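Visitor: Dropping a structure here in structure tokens format, bear with me for questions.
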Amino acid sequence: MKTLTKTALLTAGLLASTASWAAGTDAGSIISNTATATFDDPATGNSGTTSATAPDITVAELINVNVTAENTVPVEGQPGDTDQVLEFTVTNTGNGTEAFTLDATNLTGDDIDADNVTVYLDDGDGVFNPATDTPVTTDIVLDADEAATIFVVGDLPVDATTGQQADVELTATSATPGVDGAAPGTLIPGQGTNTPAGAVVGENPTDSDSATLQVGEIVTDATVAITKTIESRVDPFGGTTDVPGTVVTYLITVTPENGPVDNLVVADSIPLDLTLVPGSVTIDTVAKTDAAGDDEVDVAGADVTVTLGTVAQDTTVEIRLEAEIN
Amino acid sequence: MRLLTTLLFLLPFSAFAGVSLESQPYRVVVTPQEDGSMAEEWKEADRIAPGDKVGYRITYVNTGEEPVSGVTINNPVPDNTVFIMNSANGTGATITYSVDGSQFAPLGELKVLEGGEVRPAGAADIKSIRWVLNDALAADASGNVEFQVRVK
């Protein structure tokens, strides 16, 4: 085959127009070209026609893929959170059906690594669900122009701290033998999909993109601080000695911390050598009855139950009760 | 007998005047040179993929014994390809283009009606290329014309 060379200065615009061709003509398509000539025969005045058809061109498979991370800002979670989800779109930007190998890795240069990084193929609803989405264990096959939603799922380490980031990269690489590491433009004979013309390595036979998991502001579970002290003693003689007949006033304080709490119940049992003074229980100095059901306080024998319900963060509730030494 | 009749019918024309055409595709590869220019190589048309440039070279020969005049070569732009602007050439030929396959004009004069507005024709609008040889073609004389397309 003869090779003809000609030198031409090409404009930048012409080069730029070659930059991106999505999918394009299907692999295996035939390009036919026919030229027709007409001419006159001056001697006879007749005109003639002839034509020539160039050898058909069968379009080769062009192998290209694009990986795009859909999370453009870090996805936040708490230390120890499992199944943190990063969403990617993998698109076959070539012109033939192609298998791609997917690989998710923790990048270096960030703060932490995500644990148990697993790649899932979405079942079509666009939402990660470990029960219905499938962990990717083999190559995925995409038609030309077809896109797949891929979830890269990992766990945040329990010892991670606020602001730490884990960069996770998803790479899709053509599974056609000979593609990995081959320069763009390389012909791989016999490997084209639906075409005898072979496969040609495109500009992006492999592509990667990364997204970030981040430990958010650490949220601690709400707790309740409780104290119980003896606020005062009054003995039968007007003093403060502990003798039979002395009335002891107990002060119980409860304070929700790190957040509000619901269904807060305080229970107290009067020791055997003391007897609750009937009707002596107060909440924030408001008197309550001992009967069940009419207010927060319910007294059953020596057991005092105070049902406070929802209490706001850092709000201290004071419960007082009096007991007499037997 | 029938064969003979056919031959006789063809004879007057093929014996005294004839033009043969041959069309050959090439894979056009552009590579930068050390001096900053681009070298364009026309290679074997294998492994053509989307985005590639294909060059067609059409060779014409006057196979008759007398000169012919008015040699006109028409070549529709192949399906699945887009004409590459300014890629058509042919020594001693006047080149015109068509956006509908029937009316031909120089590139700068071609207009396209789109969405109620007239605009200049672009590469994607070119449907056919025409070369008209300026001079009569002597017996046994030959030449070629060429153009390039990009595979969609």
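The values are calculated or read from the model by the stated rules, or taken from the named source; none is laboratory data. What you see is a predicted model, and the numbers here were worked out from it, not measured in a lab. Neighbour counts run over all protein chains shown; Cβ positions are idealised from the backbone, glycine included.
Visitor: With the requirement that a residue be closer than 26 Å to A:GLY96 by Cα, surrounded by 17 or more Cβ atoms within 10 Å (Cβ to Cβ) and at the interface with chain B (Cβ under 7 Å from one of its Cβ atoms), what does region A:27-57 give you?
Guide: If the condition is that a residue be closer than 26 Å to A:GLY96 by Cα, surrounded by 17 or more Cβ atoms within 10 Å (Cβ to Cβ) and at the interface with chain B (Cβ under 7 Å from one of its Cβ atoms), then A:SER29, A:ILE31, A:ASN33, A:ALA54, A:ILE57 are the ones that fit.
Visitor: Step by step: first the residues of region A:275-289, then only those that are assigned to a loop (DSSP other than H, G, I, E, B) and in contact (Cβ under 8 Å) with a residue 24 or more places away in the chain, then the one that is surrounded by the most Cβ atoms within 10 Å (Cβ to Cβ). Which residue is that?
Guide: A:VAL281
Visitor: Checking the condition on the phi < 0 side of the Ramachandran plot and in a loop (DSSP other than H, G, I, E, B), which residue from A:VAL248, A:VAL243, A:VAL306, A:VAL299 passes?
Guide: Going through A:VAL248, A:VAL243, A:VAL306, A:VAL299 in turn, just one is on the phi < 0 side of the Ramachandran plot and in a loop (DSSP other than H, G, I, E, B): A:VAL243.
Visitor: Only one of B:ILE95, B:ILE84, B:ILE73, B:ILE126 is modelled with pLDDT of 95 or more, under 30 Å from A:PRO189 (Cβ atoms) and not hydroxyl-bearing (Ser, Thr, Tyr); which? Don't jump to the end; show me each part of the working.
Guide: On the way: B:ILE95 fails: under 30 Å from A:PRO189 (Cβ atoms); B:ILE73 fails: under 30 Å from A:PRO189 (Cβ atoms); B:ILE126 fails: under 30 Å from A:PRO189 (Cβ atoms).
Step by step, each of B:ILE95, B:ILE84, B:ILE73, B:ILE126 is checked, and only B:ILE84 is modelled with pLDDT of 95 or more, under 30 Å from A:PRO189 (Cβ atoms) and not hydroxyl-bearing (Ser, Thr, Tyr).
For (1) in contact with a Phe, Trp or Tyr (Cβ under 9 Å, 6 or more places away or on another chain); (2) assigned to a loop (DSSP other than H, G, I, E, B); (3) not aromatic (Phe, Trp, Tyr), each residue gets a yes or a no:
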| site | (1), (2), (3) |
| --- | --- |
| A:ASP125 | no, yes, yes |
| A:PHE128 | yes, yes, no |
| A:THR137 | no, yes, yes |
| A:THR149 | yes, no, yes |
| A:GLY154 | no, no, yes |
| A:THR162 | no, yes, yes |
| A:ALA166 | no, no, yes |
| A:GLU169 | no, no, yes |
| A:GLY185 | no, yes, yes |
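Visitor: Within region A:187-200, which residues are more than 12 Å from A:GLY96 (Cα to Cα) and assigned to a strand (DSSP E or B)?
Guide: A:LEU187, A:ILE188
Visitor: Got at least one residue in region B:26-46 being at pLDDT 95 or above, surrounded by fewer than 17 Cβ atoms within 10 Å (Cβ to Cβ) and closer than 30 Å to B:GLN103 by Cα?
Guide: The answer is no, given that none of the residues of region B:26-46 is at pLDDT 95 or above, surrounded by fewer than 17 Cβ atoms within 10 Å (Cβ to Cβ) and closer than 30 Å to B:GLN103 by Cα.
Visitor: Quick check on region A:87-101. Is at least one of its residues exposed (fewer than 15 other Cβ atoms within 10 Å of the Cβ) and either part of a loop (DSSP other than H, G, I, E, B) or of a type in the set (Asp, Glu) (or both)?
Guide: No, region A:87-101 contains no residue that is exposed (fewer than 15 other Cβ atoms within 10 Å of the Cβ) and either part of a loop (DSSP other than H, G, I, E, B) or of a type in the set (Asp, Glu) (or both).
Visitor: With respect to A:PRO205, is the statement that it is within 36 Å of the chain's Cα centre (by Cα), over 28 Å from A:GLY163 (Cα atoms) and touching a residue at least 60 places away in the same chain (Cβ under 8 Å) true? Full working, then the answer.
Guide: Numbers: within 36 Å of the chain's Cα centre (by Cα): yes; over 28 Å from A:GLY163 (Cα atoms): yes; touching a residue at least 60 places away in the same chain (Cβ under 8 Å): yes.
Yes: the conditions hold for A:PRO205.
Visitor: Further question: I'd like the full set of residues that are within 14 Å of chain A (Cβ to nearest Cβ), more than 22 Å from A:THR38 (Cα to Cα) and in a strand (DSSP E or B), limited to region B:67-118.
Guide: B:THR81, B:VAL82, B:PHE83
Visitor: Scan region A:76-111 for residues that are among the β-branched types (Val, Ile, Thr) and in contact with an Asp or Glu (Cβ under 9 Å, 6 or more places away or on another chain) and jot them down. Break it down into steps so the answer makes sense when it comes.
Guide: Pass one, region A:76-111, residues among the β-branched types (Val, Ile, Thr): A:82, A:85, A:89-91, A:93, A:97, A:101, A:105, A:108.
Once the filter is applied, which keeps residues that are among the β-branched types (Val, Ile, Thr) and in contact with an Asp or Glu (Cβ under 9 Å, 6 or more places away or on another chain), region A:76-111 yields A:THR82, A:THR89, A:VAL90, A:THR91, A:THR93, A:THR97, A:THR101, A:THR105, A:THR108.
Visitor: Taking the options A:VAL215, A:VAL219, name whichever one is within 30 Å of A:GLY80 (Cα to Cα), among the β-branched types (Val, Ile, Thr) and buried (at least 18 other Cβ atoms within 10 Å of the Cβ).
Guide: When all the criteria are applied, what remains is A:VAL215.
Visitor: Also, quick follow-up: Among the listed residues A:GLY185, A:GLY198, A:GLY190, A:GLY178, which satisfies the condition of being surrounded by fewer than 21 Cβ atoms within 10 Å (Cβ to Cβ), free of Cβ contacts under 8 Å to residues at least 12 places away in the same chain and under 21 Å from A:VAL65 (Cβ atoms)?
Guide: A:GLY190
Visitor: Looking only at region A:151-172, which residues are surrounded by fewer than 21 Cβ atoms within 10 Å (Cβ to Cβ), β-branched (Val, Ile, Thr) and either closer than 25 Å to A:THR132 by Cα or not assigned by TED's automatic domain parsing to the domain that holds A:THR97 (or both)?
Guide: Across region A:151-172, the qualifying residue is only A:THR171.
Visitor: Under the condition of being without any contact (Cβ under 8 Å) to a residue 40 or more places away in the chain and on the phi > 0 side of the Ramachandran plot, which residue from region B:20-66 is farthest from the other protein chains (Cβ to nearest Cβ)?
Guide: Out of the qualifying residues, it is B:GLY36.
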